[in-house]
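*Asks:* Just passing along the structure, written as structure tokens.
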Amino acid sequence: MLYCVVILYVIDMDIKIKKAELKDIGVLAEIHSVSLLAAFGEAFPEEIVIEHFGIERRLRGFRRELDLGSPVNFIVYDSEEPIGLLSYGSSRYMEVDDDTIELWRIYFLPGFWGRGAAKVSMNLVLDVINKAGYKKVFLWVLEENIRARRFYEKYGFRDTGRTLEAQLGRPVRDVMYEITLG
């Protein structure tokens, strides 16, 4: 199945979403690192935060992704200011049907939490994914991230009961959520 190749969406008078290019890795890395640190910085040991959430690691990761062309990364702008990012692509951890895609990321700078940009962006990315021919979307969310879980549930995502276990200085669990489109 092909990924959507639309470059720019105008959502309303202020919010725009643009497909990221190689020149955008600094913006992607900064948004991802800052939002991760704000959301989880105090929940993990300092060395884990620096190793996993730091901007240097994010720069390397986004460079690799953009070089490979997967996942598809978008930057969300409020007027001309980059405020968030979205990513979707092939499943990272399990085999899925051809009509299923993983929503890898939806992150916003902390100053834009609760202001509606994530809602508008989620509506758009689900529409883009649906128009690309996918029927199901799934994502992984940190079990203890109640704010994000409530956000996904508002869109009809449901906890599948599947989990992933990891060590980030302490045991953590991700929960799989899924939605059927259309």
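*Asks:* Have a look at LEU68, LEU142, LEU28 and tell me which one the Gaussian network model of the chain (Cα, springs below 10 Å) gives the largest fluctuation.
*Replies:* LEU68
*Asks:* In percent, how large is the relative contact order of the chain, given Cα pairs closer than 8 Å and 6 or more residues apart?
*Replies:* On the way: 284 pairs, mean separation 36.0, N = 182.
Rounded, it is 20 percent for the chain.
*Asks:* Sort the following peptides by mean Cβ neighbour count (other Cβ atoms within 10 Å, averaged over residues), highest first: 29-35, 168-174.
*Replies:* Numbers: 29-35: 20.7, 168-174: 13.4.
Answer by packing, highest mean first, reads 29-35, 168-174.
*Asks:* Separate question: Residues with beta-carbon under 12 Å from that of THR160, excluding THR160: net charge, scoring Lys, Arg +1 and Asp, Glu -1? Before the final figure, lay out the partial values.
*Replies:* Values: positive: LYS136, ARG158, ARG162; negative: ASP159, ASP174, GLU178.
Here the count lands on 0.
*Asks:* Within 11 Å, Cβ to Cβ, of GLY169, how many net charges do the neighbouring residues add up to if Lys/Arg are +1 and Asp/Glu are -1?
*Replies:* Details: positive: ARG170; negative: GLU46, GLU47, GLU51.
It works out to a net charge of -2.
*Asks:* Would you mind calculating the gained length between ARG115 and ALA132 on full extension (0.36 nm times residue separation, minus the Cα-Cα distance), in nm to one decimal? Show your work: numbers first, answer last.
*Replies:* Numbers: separation 17, 0.36 × 17 = 6.12 nm, distance 2.80 nm.
This chain segment gains 3.3 nm when fully extended.
*Asks:* Let me ask something additional. Springs between alpha-carbon atoms under 10 Å, Gaussian network over the chain: tell me which of GLU21, GLU165, GLU153 tops the mean-square fluctuations.
*Replies:* Evaluated over the chain, the most mobile residue of the options is GLU165.
*Asks:* Between GLU46 and GLU143, what is 0.36 nm times their sequence separation minus the Cα-Cα distance? Round to one decimal in nm. All intermediate terms of the calculation are to be shown ahead of the outcome.
*Replies:* Values: separation 97, 0.36 × 97 = 34.92 nm, distance 2.03 nm.
Extra length available between GLU46 and GLU143 comes to 32.9 nm.
*Asks:* For the chain, modelled as a Gaussian network with Cα springs under 10 Å, which listed residue fluctuates most, ARG64, ARG150, ARG158?
*Replies:* So, out of ARG64, ARG150, ARG158, the one fluctuating most is ARG150.
*Asks:* Please give, to one decimal in nm, the separation of the simple spin-label points placed at VAL96 and ALA166, each 7 Å out from Cα toward the Cβ.
*Replies:* Label at VAL96, label at ALA166, 1.6 nm between them.
Bear in mind that the values in this text are calculations on the coordinates, not laboratory data. These numbers come from a predicted model, not from an experiment. For neighbour counting, all protein chains shown are included, and Cβ atoms are generated from backbone atoms with ideal geometry for every residue, glycine included.
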